[in-house]
Amino acid sequence: MKTTRRAAPPKESRRSEVWRHAAPSRTPPPRRQAAAVSNAEIADMFNTLADLLDVEGANPFRVRAYRNAARTIAGLPQSVADMLAEGGDLSELPGIGKDLAGKIAEIVRTGRLGLLEETKARTPGSLIELLSLPSLGPRRVEALHNSLGISSVAELAAALEAGRLDGLRGFGPKLRERLRQEVARHKGSERRFKLATAEQIAAPLLSYLRDLPGVRHAIIAGSYRRRKETVGDIDIIVTGDRRAKITDRFTAYEGVEEIIAHGPTRASVRLRSGLQADLRFLPEASFGAGLLYFTGSKAHNIALRRIALERGLKINEYGVFRGDRRIAGRSEPEIYALLDLPYIEPELREDRGEIEAGHAQALPNLVRLDQIRGDLHVHTLASDGRLSIAEMAEAARRRGYAYLAISDHTHSLTVARGLDARRLAAQMDEIDRINDRQPGITLLKSAEVDILEDGSLDLPDEVLRRLDLTVCSIHSGFHLSREKQTTRILRAMDNPCFTILGHPTGRLIGLREPYALDLERILRAALERGCVLEVNAQPDRLDLDDGACRLAKEIGVKLAISTDAHDAGQLDLMRFGVDQARRGWVEAADVLNTRDLPSLRALLRRT
Ligand code: DGT
Ligand code: ZN
Ligand code: CA
Ligand code: CA
């Protein structure tokens with residue numbers, strides 16, 4: 001779980017500026033179902049509203065209500081637009097009362113939120129920009145403004161430069177250094193969207209395109225198809241009837257904010273969310289070639305082109321050519337075969353050795369979502385989750401899982417109402433009772449145990465020994481030196497009750513860098529001790545990342561792909577963890593939770 005104070009994520013707030021520039025005088029056209037507002041967009045609006053109200057000094061309960069609503073909506077498995085369309089009552093959702101339900105309905109109906117626009121209108125744009133820096137929340141923005149008159153990123157940059165923040169209360173050297181980096185990143189900032197956010201925005205666009213008459217294939221290529229943790233833009237390949245004028249229909253999509261380019265076979269638009277979408281219309285005979293080309297990566301394409309050249313062939317987005325004659329292009333496998341390569345999965349196409357492995361018939365057999373048999377890291381009402389143990393168990397059973405480990409926080413994490421020895425013992429008894437009722441899934445006793453700064457674990461061994469496993473995580477002391485942080489974790493792993501290192505690097509995409517760590521040393525130590533590393537599937541964590549997954553696999557350390565779910569919908573995040581692991585060349589055998597229960601139990605035993 002996140003323990004940092006929620007600061008406005010950078011992209012999201014900049015995205016809000018996009019709405020600000022949306023022609024305000026024009027009344028919005030009635031929305032069509034196909035362009036329904038995504039949950040991510042609604043959550044964004046509420047988060048931005050909460051930040052702005054907070055800066056204004058609004059009632060903290062009100063601010064909190066909007067933040068909670070954002071969290072609830074972002075975590076729902078189903079789109080609220082769909083729920084409304086089906087006549088659902090949103091005020092039945094946790095934390096959503098009549099008033100909030102009305103506001104959500106307003107967003108779904110009109111694409112905007114009047115209260116947010118009014119609030120924005122009275123907040124200077126530069127303040128909104130300041131709030132977009134990860135380390136600046138409403139409190140610090142207020143402090144900067146009141147004590148130094150700073151009200152924009154530019155002014156903050158100048159003040160940092162001139163040393164005017166030195167000695168300012170609450171702005172120590174470490175924070176100042178972070179701000180310096182964030183200001184620099186902000187300046188050169190290339191906007192990227194988290195994969196899960198891009199998915200929420202792209203899904204309705206894709207179904208809109210697929211429903212158009214005359215469309216045969218419509219598929220998203222690019223980094224999105226390679227399942228990169230963030231995407232710069234989405235690249236859509238469409239085939240079908242030429243006369244259907246697909247690019248015209250694409251630019252007429254209701255979610256389009258701005259048309260950047262528009263021709264008969266290609267178009268680029270910026271969506272209301274700020275995400276850019278490029279569309280290419282290709283003849284059916286070029287579908288595979290276009291898909292291959294626009295899936296990339298660029299480095300993979302260049303490597304393929306080199307192989308083609310060696311064989312006297314030319315390859316581009318229309319096909320593979322010998323002279324002027326097209327000899328392949330309809331499908332990707334056909335093209336790879338022509339280059340004497342097996343099919344290479346999109347997640348591997350980074351020119352990180354996949355071509356060589358392909359030639360050597362040594363490509364990995366990547367782990368698949370349907371091979372996952374359980375989740376080893378979920379929270380319940382006991383700490384900061386939103387459902388009871390029985391409810392989480394039922395949701396996991398419905399997914400077809402064989403087991404579920406209840407991993408609530410331990411007591412050092414007071415913000416998450418972590419469990420002390422007594423409450424954890426009571427929870428273990430409850431798990432026994434539920435298991436006795438044969439709920440159709442086996443519940444495992446676990447805890448997300450805090451690793452304290454000296455490397456000790458947050459609960460005594462005699463308590464931990466009763467657990468089936470532990471997920472041990474760092475939630476404090478992020479700024480220790482590399483050496484100290486590494487030995488802290490090594491010490492924790494020395495405890496035989498330590499099983500899985502939770503979100504091992506602590507990074508939050510776009511918000512917090514990983515803490516300084518000698519990951520390779522930790523992996524080698526984990527191998528020696530029989531410890532496992534987590535691939536946390538939360539879209540803003542994806543921790544370990546692809547490169548680290550690959551290193552773990554090479555060293556021989558097992559991985560646990562876990563959702564860290566705080567409600568039933570978040571169990572669905574598993575696929576993002578699997579995607580990240582696939583990008584790290586991970587196979588089913590490398591993953592702890594692809595095992596059936598007896599083999600899992602055997603692997604959990606540390607001897
Ligand atoms: P992104 O959007 O930054 O997350 O990353 P991509 O990989 O989606 O990159 P994008 O959208 O610029 O281009 C989509 C694909 O098109 C890219 O993965 C490979 C292909 N492509 C783009 N530019 C070039 C190029 O100059 N040469 C080659 N061979 N392929 C290119
Ligand atoms: Zn955690
Ligand atoms: Ca792209
Ligand atoms: Ca692109």
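The values are calculated or read from the model by the stated rules, or taken from the named source; none is laboratory data. Being a predicted model, the structure only gives us computed values, none of them experimental. Glycine gets a Cβ as well: all are built from the backbone with ideal geometry, and neighbour counts include every protein chain shown. Heads up: the accessible areas ignore ligands, DNA and RNA and are worked out on the full protein's heavy atoms, side chains in. Shrake-Rupley method; radii C 1.70, N 1.55, O 1.52, S 1.80 Å.
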| Just to be sure, is Arg326 in a strand (DSSP E or B) and surrounded by fewer than 19 Cβ atoms within 10 Å (Cβ to Cβ)? | yes
| task | Output the number of residues of the stretch 62-101 satisfying the condition of being in contact with a Pro (Cβ under 9 Å, 6 or more places away or on another chain) and either free of Cβ contacts under 8 Å to residues at least 12 places away in the same chain or open to solvent by less than 60 Å² (accessible area, probe 1.4 Å) (or both). | result | 4
| field | Every residue from the stretch 240-261 that is β-branched (Val, Ile, Thr) and open to solvent by less than 60 Å² (accessible area, probe 1.4 Å) | value | Ile246, Thr247, Thr251, Val256
| query | Out of the stretch 173-208, which residues are over 25 Å from the mean Cα position of the chain (by Cα) and touching a residue at least 24 places away in the same chain (Cβ under 8 Å)? | reply | Lys174, Leu175
| field | Single match in Lys228, Lys245 (criterion: within 16 Å of ligand 4 (Cβ to nearest atom) and either modelled with pLDDT of 95 or more or over 19 Å from Glu350 (Cβ atoms) (or both)) | value | Lys228
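Against the condition open to solvent by 30 Å² or more (accessible area, probe 1.4 Å), in contact (Cβ under 8 Å) with a residue 24 or more places away in the chain, more than 16 Å from ligand 4 (Cβ to nearest atom) and closer than 23 Å to Leu597 by Cβ, how does Thr442 come out, does it pass?
Details: open to solvent by 30 Å² or more (accessible area, probe 1.4 Å): yes; in contact (Cβ under 8 Å) with a residue 24 or more places away in the chain: yes; more than 16 Å from ligand 4 (Cβ to nearest atom): yes; closer than 23 Å to Leu597 by Cβ: yes.
Criteria met by Thr442.
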| said: Looking at the stretch 398-417, can you tell me whether even one residue there is in a loop (DSSP other than H, G, I, E, B), among the small types (Gly, Ala, Ser) and under 16 Å from Leu597 (Cβ atoms)? | reply: yes
| query | Residue check, Leu144 against (1) in contact (Cβ under 8 Å) with a residue 40 or more places away in the chain; (2) open to solvent by less than 50 Å² (accessible area, probe 1.4 Å); (3) part of a helix (DSSP H, G or I), all met but one. Which one? | reply | (1)
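Looking at the stretch 342-373, which of its residues are open to solvent by less than 30 Å² (accessible area, probe 1.4 Å), assigned to a loop (DSSP other than H, G, I, E, B) and farther than 17 Å from Phe576 by Cβ? Give the steps one after another, and end with the answer.
Initially, the stretch 342-373 is screened for residues open to solvent by less than 30 Å² (accessible area, probe 1.4 Å), giving 344, 346-349, 353-355, 357-358, 364, 366-367, 372.
Applying the additional criterion that residues be assigned to a loop (DSSP other than H, G, I, E, B) yields 344, 349, 353, 364, 367, 372.
Of everything in the stretch 342-373, those that are open to solvent by less than 30 Å² (accessible area, probe 1.4 Å), assigned to a loop (DSSP other than H, G, I, E, B) and farther than 17 Å from Phe576 by Cβ turn out to be Ile344, Arg349, Gly353, Pro364.
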| said: For the condition within 16 Å of ligand 4 (Cβ to nearest atom) and in contact with a helix residue (DSSP H, G or I) (Cβ under 6 Å, 6 or more places away or on another chain), what is the one hit in Ile201, Ile234, Ile219? | reply: Ile234
| field | Some residue of the stretch 246-260 being in contact with a Ser or Thr (Cβ under 7 Å, 6 or more places away or on another chain), within 16 Å of ligand 3 (Cβ to nearest atom) and not assigned by TED's automatic domain parsing to the domain that holds Arg575 | value | yes
| message | Tell me the residue from Ser388, Ser412 that is at pLDDT below 95, of a type in the set (S, T, N, Q) and not assigned by TED's automatic domain parsing to the domain that holds Asn316, please. | response | Ser412
| request: Read through the list (1) in a helix (DSSP H, G or I); (2) among the aliphatic types (A, V, I, L, M); (3) open to solvent by less than 10 Å² (accessible area, probe 1.4 Å), then give the number of the only condition that Leu376 fails. | output: (1)
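Give the residue that is nearest to ligand 1 (Cβ to nearest atom), with candidates limited to residues of the stretch 267-290 that are open to solvent by 10 Å² or more (accessible area, probe 1.4 Å) and within 21 Å of Val320 (Cα to Cα).
So the first thing to find is which residues in the stretch 267-290 are open to solvent by 10 Å² or more (accessible area, probe 1.4 Å), and the list is 268, 270, 272, 276, 278, 280-281, 283-285, 287.
If we keep only those that are within 21 Å of Val320 (Cα to Cα) as well, we get 280-281, 283-285, 287.
On the way: Arg280: 10, Phe281: 15, Pro283: 18, Glu284: 20, Ala285: 19, Phe287: 15 Å.
Looking at the filtered set, the residue picked out is Arg280.
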| note | Going through (1) in a loop (DSSP other than H, G, I, E, B); (2) open to solvent by 10 Å² or more (accessible area, probe 1.4 Å); (3) within 14 Å of ligand 2 (Cβ to nearest atom) one by one, Gln570 fails only at (1)
| query | Of the conditions (1) away from ligand 3 (no atom under 15 Å from the Cβ); (2) within 19 Å of Lys194 (Cβ to Cβ); (3) touching a Lys or Arg at 6+ places or on another chain (Cβ under 6 Å); (4) not hydrophobic (A, V, I, L, M, F, W, C), Arg272 fails just one. Which one is it? | reply | (3)
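Please pick out the residue among Leu443, Leu480, Leu517 that is within 30 Å of Gly353 (Cα to Cα), out of contact with any Asp or Glu (no Cβ under 6 Å at 6 or more places or on another chain) and not in a helix (DSSP H, G or I). Don't jump to the end; show me each part of the working.
Numbers: Leu443 fails: within 30 Å of Gly353 (Cα to Cα); Leu480 fails: within 30 Å of Gly353 (Cα to Cα).
Answer to the check: Leu517.
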| query | Out of Thr123, Thr119, which single residue is closer than 21 Å to Asn47 by Cβ and in a loop (DSSP other than H, G, I, E, B)? | reply | Thr123
| field | Enumeration of residues in the stretch 418-433 that are surrounded by 15 or more Cβ atoms within 10 Å (Cβ to Cβ) and in contact with a strand residue (DSSP E or B) (Cβ under 8 Å, 6 or more places away or on another chain) | value | Gly418, Leu419, Leu424, Gln427, Met428, Ile431
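Being under 27 Å from Asp579 (Cα atoms), open to solvent by 40 Å² or more (accessible area, probe 1.4 Å) and more than 13 Å from ligand 1 (Cβ to nearest atom) narrows it down to one of Arg216, Arg192, so name that one.
On the way: Arg192 fails: more than 13 Å from ligand 1 (Cβ to nearest atom).
Within the list Arg216, Arg192, the selection yields Arg216.
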| task | Quick one: in the stretch 291-318, of everything that is open to solvent by 40 Å² or more (accessible area, probe 1.4 Å) and more than 9 Å from ligand 1 (Cβ to nearest atom), which residue is farthest from Tyr343 (Cα to Cα)? | result | Gly312
| message | List pairs: first residue in the stretch 36-60 and over 21 Å from Leu84 (Cβ atoms), second residue among the polar types (S, T, N, Q) and outside any helix (DSSP H, G or I) anywhere in the structure, Cβ distance under 9 angstrom, at least six positions apart or on different chains. | response | Leu52/Thr123; Leu53/Asn59; Val55/Thr123; Glu56/Thr123
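Got a sec? Which of Asp99, Asp82 is under 25 Å from Arg399 (Cβ atoms) and of a type in the set (Asp, Glu)? Lay out the reasoning, then the answer.
Working: Asp99 fails: under 25 Å from Arg399 (Cβ atoms).
Result: Asp82 is the single residue among Asp99, Asp82 that is under 25 Å from Arg399 (Cβ atoms) and of a type in the set (Asp, Glu).
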| request: For Asp233, work out the one condition from (1) touching a His at 6+ places or on another chain (Cβ under 8 Å); (2) within 16 Å of ligand 3 (Cβ to nearest atom) it doesn't fulfil. | output: (1)
